[in-house]
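K.L.:
Take a look at the following structure, please.
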Amino acid sequence: MAFLSLYRKYRPNNFADLVGQRHVIRTLKNALEHNRIAHAYLFAGPRGTGKTSTAKIYAQALNCINGPTAEPCGECEACQKIQSGQSIDIIEIDAASNRGIDEIRDLREKVKFYPSEGKYKVYIIDEVHMLTKGAFNALLKTLEEPPADVVFILATTEPHKVIDTIHSRCQRFDFSLLSTNDIIERLEYICKEEGVQYYDKQALSVIATASNGGLRDAISLLDQTISFTNSNIKVSEIQEMLGKVDIPFLHDFMEKVFDNESAEILEMINDIINSGKGISIFINDLIDFLRQTMLYKECGKDTKVFDFTSNIINQIENLAEKTNTERLVRCLDILTEVERELAYADQPRIILELGIIKMMSADADNSLQGLRSRIAELEYKVRQILEGELPDITNMSSKETLGNNKTKIKLDQGKTKASSDNEKKSDSKENINTAENNSANETNLRDKTNKAEQNNMTENSAKESGTGSKLSIDEMENAWPVILCKVKAESISVHAMLMGGKPKKTSGDIVYIEFPNDKNFHRKGAEQQAGLIQKIINKVVGSDCQLQFVNEGDGDIQSKKKVAKVKGVNNNINASNASNIEKNSVVDEVVKAFNGKIIKVNHRILDDE
């Protein structure tokens, strides 16, 4: 006997053998049990999900000697003929090669005859969307009112191409892609029946993932793998056969991407291409690996979203600790864009390299969130400069140091020249009256003091009205990426806790950080480190604020707001004292700028609030 492919050998013969599609099986079995047999069905879904197999099982259930029944015996003559494809009452039509109006007219003539052997005549029209518009219209009347012993089952992978008048005459069943676990269970059953050895479940998981939810594709890959490995399946050999990249390589690759090691990254890409692996397959593997990392970071280790061995989970966990969800999402966006461009690229290697460089460069992120993060980072650096928190010169590069030295030399030359000019001018000013200079200095001092008083009064007015200390939620959201970055630099554990929350609202100088109800542990951890977080936020946004950590939908915000207001009073007192100190510093600056001396101080003006 000739070799029979595994997907044909293990084609389901009853509803119990069908994998997945539980909603379809349940509806059809109930219809059979209660004798609610429709005259036309439309099975729609991706390839390899069981549409044709379900149609044949349903035909077998109708024509079984015990039928119509939800459990066909599989042993009677009718069942045996249907399984072997010899029943003359089950007519399979390939619409791709019989798509014209003449074929449909022939069908209309034959449909009038009674079944020859069984109780029903079943027409299974595969890829029905390939019929021409004229053929569809010719089928309409027959499909709407067929003889009582005729059932039509239309199968298609593209239901949107089936005209609406056909849709309205059929009961539609949507077949979905199968889950990885369902495919793995079926592959385990086949391996057991065939006596095939596999080292671990991960080997079958690789096959199931490569099939993209199609069971027929998965069984075909298993058949190919058995031949390649001589019935001794290993993960490494499956990856070699499929041209896939192993997980340790992907881990090392992304680790270097996050560390911005561009030279090593380009060398690894070169190794991938020289080894004969396809760029599109590598991109697909990288996307899947980053997706699993993102799922692990969001759902944790015990989730059932993915199914990996402990060794692979450890590598995903190691990578997840080195980045955040925002960067993972950005990398996935870039890679999916690269994947789309590869289909039309003449030089796919350049597309890949450009995409990887974008993943490493924050400046290349032109998304709205990326631009907000960069603006917030620039605002923070400008605020540092204005507050005198300049970077240490010992941490600068040689080019920066050289540039600063050149600037210092120019300044020194300017000061020397100015000093020389002042010496020359001093000889011509020896006869100026000293009293006149004192009078001018006093006038300038009075003007500067009045200006400082006006500025302080304006500032105090803003503080009293509340406009000087209020933070908007937009400002907090824009600054949030920078805040997380600064917190991470101080403490990774605090950063991990704070990642679970986000700014929800602001009220005056109070900022509410909201955490989902399932992340109460993160909220409590952040509350314990509130001092560090508040210090960093105040430094980034340039304003004193109070923090409140709340759960999603927390109804106790108002009471917390009152507590925060009490804290705000103390902050206003401290701000007032700081303002007095600032006034005195203004006077000192004026005296220093004009090389004068204090003749009289108006304490009433300086002490006036």
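The values are calculated or read from the model by the stated rules, or taken from the named source; none is laboratory data. Small disclaimer: the values here were computed from a predicted structure and weren't measured. Quick reminder, even Gly has a Cβ in these numbers, built from the backbone with ideal geometry, and neighbours come from all protein chains shown. Side chains are part of the model used for accessible areas, which takes the heavy atoms of the whole protein and leaves out ligands, DNA and RNA. Shrake-Rupley method; radii C 1.70, N 1.55, O 1.52, S 1.80 Å.
K.L.:
Could you tell me which GluC sites (Glu not before Pro) in the stretch 50-112 are loop residues by DSSP with no more than 12 other beta carbons within 10 angstrom of their beta carbon?
P.N.:
75
K.L.:
Here's a follow-up. Leaving out ligands, DNA and RNA, what percent of the accessible area of the stretch 2-124 is carbon and sulfur, probe 1.4 Å?
P.N.:
Here it works out to 45 percent.
K.L.:
To continue, here is another question. For the stretch 5-90, with the dipole built from +1 on Lys and Arg beta-carbon atoms and -1 on Asp and Glu ones, taken about the Cα centre, which of 35, 53, 72 lies farthest toward the positive end?
P.N.:
53
K.L.:
Counting Lys and Arg as +1 and Asp and Glu as -1, each charge on the Cβ, what is the dipole of the stretch 191-295 about the Cα centre in debye, to the nearest 20? Kindly include the intermediate steps, with their values, before the conclusion.
P.N.:
Numbers: 8 positive and 17 negative charges, 85 e Å.
Charge dipole of the stretch 191-295: 400 debye, to the nearest 20.
K.L.:
Would you kindly state how much longer the chain becomes between residue 552 and residue 236 on full extension, computed as 0.36 nm times their sequence separation minus their alpha carbon distance, in nm to one decimal? Before the final figure, lay out the partial values.
P.N.:
On the way: separation 316, 0.36 × 316 = 113.76 nm, distance 4.57 nm.
Computed gain between residue 552 and residue 236 is 109.2 nm.
K.L.:
Full extension from residue 4 to residue 73: what is 0.36 nm times the residue separation minus their Cα-Cα distance, to one decimal in nm?
P.N.:
Working: separation 69, 0.36 × 69 = 24.84 nm, distance 2.40 nm.
Here the answer is 22.4 nm.
K.L.:
List the residues whose amide H sits under 5 Å from the amide H of residue 41, counting only those 5 or more places along or on another chain, with H placed 1.01 Å from N in the peptide plane.
P.N.:
Close amide H contacts, sequence-distant or interchain: 152, 153, 154, 171.
K.L.:
At R0 = 30 Å, how high is the FRET efficiency between residue 281 and residue 321 if r is their beta carbon distance? Nearest 0.05 is fine.
P.N.:
0.60
K.L.:
Next question, about the same structure. Taking the Cα atoms of the stretch 22-61, what is the range of coordinates along each of the three principal axes, in descending order and whole Å?
P.N.:
Here the Cα extents, ordered largest to smallest, are 30, 18, 16 Å.
K.L.:
Then there is this: What is the gain in length, in nm to one decimal, between residue 22 and residue 528 on full extension, counting 0.36 nm per residue of separation less the C-alpha to C-alpha distance?
P.N.:
Extending this stretch completely gives an extra 177.3 nm.
K.L.:
Out of the stretch 177-229, which chymotrypsin sites (Phe, Trp or Tyr not before Pro) are coil in DSSP terms and have no more than 13 other C-beta atoms within 10 Å? Spell out each step's value before the answer.
P.N.:
Details: sites: 189, 198, 199, 228; in loops: 199.
Taking the stretch 177-229 and a limit of 13 other Cβ atoms within 10 Å, the loop chymotrypsin sites (Phe, Trp or Tyr not before Pro) found are 199.
K.L.:
Now, a different point. Residue 97 label point, 7 Å along Cα→Cβ, cut-off 20 Å on backbone N: hits in the stretch 1-38?
P.N.:
Label zone hits: 5, 8.
K.L.:
If you don't mind, there's one more thing I want to ask. Calculate the all-directions average of the projected area of the stretch 1-125's alpha-carbon convex hull, and give it in nm².
P.N.:
If I average the Cα hull's projected area over directions, I get 8.8 nm².
K.L.:
Right, here's the next one. At a Förster distance of 45 Å, what's the computed FRET efficiency of residue 520 paired with residue 112, Cβ-Cβ distance as r, to 0.05?
P.N.:
Computed FRET efficiency for residue 520 and residue 112: 0.05.
K.L.:
How big is the dipole moment of the stretch 101-169 about its Cα centre under a simple scheme where the beta carbon of each Lys and Arg is +1, that of each Asp and Glu is -1, and everything else is neutral? Debye, nearest 20, please.
P.N.:
It comes to approximately 180 debye.
K.L.:
Related question: Take 273, 219 and sort them by solvent-accessible surface of the protein heavy atoms, 1.4 Å probe, largest at the top.
P.N.:
Largest accessible area first, the residues go 273, 219.
K.L.:
With a point put 7 Å past each Cα toward its Cβ, work out how far residue 193 is from residue 259 in nm, to one decimal.
P.N.:
Placing both labels 7 Å beyond Cα along the Cβ direction yields 4.9 nm.
K.L.:
Now, a different point. Mind giving me the FRET efficiency for residue 472 and residue 181? R0 is 51 Å, r the Cβ-Cβ distance, nearest 0.05 is fine. Display every interim value, and only then the final one.
P.N.:
On the way: r = 47 Å, r/R0 = 0.93.
Result of the calculation: an efficiency of 0.60.
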